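I have placed the structure first, in the form of structure tokens, so that the comments after it can refer back to it.
The values are calculated or read from the model by the stated rules, or taken from the named source; none is laboratory data. A quick note: this is a predicted structure, and the numbers were derived from the prediction, not measured. For neighbour counting, all protein chains shown are included, and Cβ atoms are generated from backbone atoms with ideal geometry for every residue, glycine included. We work out accessible area using only protein heavy atoms, side chains counted, and drop any ligands, DNA or RNA first. Shrake-Rupley method; radii C 1.70, N 1.55, O 1.52, S 1.80 Å.
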Amino acid sequence: TMEEISDEKEKMEAILINMADGVIALNDEGMVIHINPVARQMLSLDEDITGQNFSSELKRLLNIDMKQLLSNDYDNSETLIKTKDAILKSIYAPLKRENRIVGHILVFQDITKQHRLEAMRKEFVANVSHELRTPLTTIKSYTETLLDGALEEAELSRQFMDVINNEADRMTRLVNNLLELSRLDNRETRWDIRPMDPGDILKEVITKMNVNIKRKGQTLKVSVPEKSPEVFVDKDKIEQVFQNILSNAYKYTPEGGKIFVDLKHADKTVKITFKDTGIGIPKEDLPRIFERFYRVDKTRSREMGGTGLGLSIAHEIIQAHDGEINIDSEPGRGTCVTIRLPAISQELARAD
Ligand SMILES: Nc1ncnc2c1ncn2[C@@H]1O[C@H](COP(=O)(O)OP(=O)(O)OP(=O)(O)O)[C@@H](O)[C@H]1O
Ligand SMILES: [Mg+2]
């Protein structure tokens, strides 16, 4: 009946309007017989082009050869299209009735996100390989020099062994950091969460680092209250975060510089700041500073034995604690890293 037909048509229309993919249907002469809103939006078409042929501009964008399409030997079933702000996958299928082609259908999927993830994955693998190869090259060439005769000279041998040892240490740090990140990524990290005063953890880290800081002639000013609200933390992980941030302040601040560590608590958060008077980070590097392997100066970081993963690990751990980590910096003046952790609410503590 008519009613059923119109139902079918409405159903079809509702599906086309609501689907996440863009759809364009052409008749056998290449005229648009349907285009859904998503397709129009994806292709930035202001007007409804139903009843029209593709403009030359659209043909170019879609990478479609109309002559080929209409002669029915169009076999380009999947193509990538770069629009102004997206990457689309276009899938072509002929519309057949009784083995005769009566039209053409193009489906568009927005694959911008997958594309970006894929690019990031490739970059990560390239970075890892490079970071592993650098120390390996050094180890190999120093070993060869030793075997070629340098071994006879005691003092030189010691120096070379020292370099080899340091490079091996760096590779170990790198692999450990990578394993840690991969556990965090795959949610395989076993968290040992307990209520703790973050100030106590902070004081422990400071005690451990203090020797190095003093040796470098830096002054360390600490302002941590006797007692602060407890937070739910994995002690080892938070210790690692504090250690990473404080060692950055120490590493990237010249001799005689100052480091300030400060813990305050507002109503619902505990705020920890690490401030230094070091070399700072240029504004343009700040947005990417938590990315894996991102470093302002690769050579300098490597010379200091850095892996470029310290901040990314800190970021992941703080996020897993429902906290926040921010960094602000000015080249030549210094850097300030702020960590915020949610304090255990008083009511909850009383209910205990
Ligand atoms: N306090 C700081 N002052 C100046 N630059 C900093 C500071 N903290 C971090 N950076 C910059 O950010 C980069 C990334 O830091 P991150 O801790 O992730 O790696 P790294 O210190 O190079 O290596 P690792 O942490 O393994 O020793 C550093 O290479 C450095 O360029
Ligand atoms: Mg670091």
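Scanning the stretch 20-53 for residues that are within 34 Å of the chain's Cα centre (by Cα) and small (Gly, Ala, Ser) turns up Ala20, Gly22, Ala39, Ser44.
Evaluating Phe242 against the criteria (1) touching a Pro at 6+ places or on another chain (Cβ under 9 Å); (2) within 15 Å of ligand 1 (Cβ to nearest atom); (3) over 20 Å from Phe290 (Cα atoms); (4) not acidic (Asp, Glu) leaves one unmet condition, (3).
Annotation: of all residues in the stretch 74-100 being assigned to a loop (DSSP other than H, G, I, E, B) and loosely packed, with under 11 Cβ neighbours inside 10 Å, the one that is nearest to the chain's Cα centre (by Cα) is Asp85.
Quick check on the stretch 324-341. Is at least one of its residues open to solvent by less than 10 Å² (accessible area, probe 1.4 Å), more than 10 Å from ligand 1 (Cβ to nearest atom) and touching a strand residue (DSSP E or B) at 6+ places or on another chain (Cβ under 7 Å)? Yes: one or more hits.
If you go through the stretch 226-242 and keep only what is open to solvent by less than 70 Å² (accessible area, probe 1.4 Å) and modelled with pLDDT of 95 or more, you end up with Val231, Val233, Asp234, Lys235, Lys237, Ile238, Glu239, Gln240, Val241, Phe242. Residues that are open to solvent by 40 Å² or more (accessible area, probe 1.4 Å) and closer than 16 Å to Lys227 by Cβ within the stretch 251-266 comprise Lys264, His265, Ala266, listed in sequence order.
If you go through the stretch 118-130 one residue at a time, do you hit one that is open to solvent by 70 Å² or more (accessible area, probe 1.4 Å), assigned by TED's automatic domain parsing to the domain that holds Arg173 and within 17 Å of Gly306 (Cα to Cα)? Within the stretch 118-130, one or more residues are open to solvent by 70 Å² or more (accessible area, probe 1.4 Å), assigned by TED's automatic domain parsing to the domain that holds Arg173 and within 17 Å of Gly306 (Cα to Cα). So which residues in the stretch 15-73 are in contact with a Ser or Thr (Cβ under 8 Å, 6 or more places away or on another chain), among the aliphatic types (A, V, I, L, M) and either surrounded by fewer than 16 Cβ atoms within 10 Å (Cβ to Cβ) or at pLDDT 90 or above (or both)? Across the stretch 15-73, the qualifying residues are Val32, Ile33, Ile35, Met42, Leu43. Of all residues in the stretch 135-153, none satisfies being closer than 30 Å to Tyr74 by Cα and surrounded by 12 or more Cβ atoms within 10 Å (Cβ to Cβ).
Sort out for me the helices (runs of 4 or more DSSP H) sitting completely within the stretch 236-352 that have 1 or more residues that are within 16 Å of ligand 2 (Cβ to nearest atom). Quick ask: steps written out before the conclusion?
Working: elements: 298-303, 310-320, 346-351.
Fully inside the stretch 236-352 and qualifying: 298-303, 310-320.
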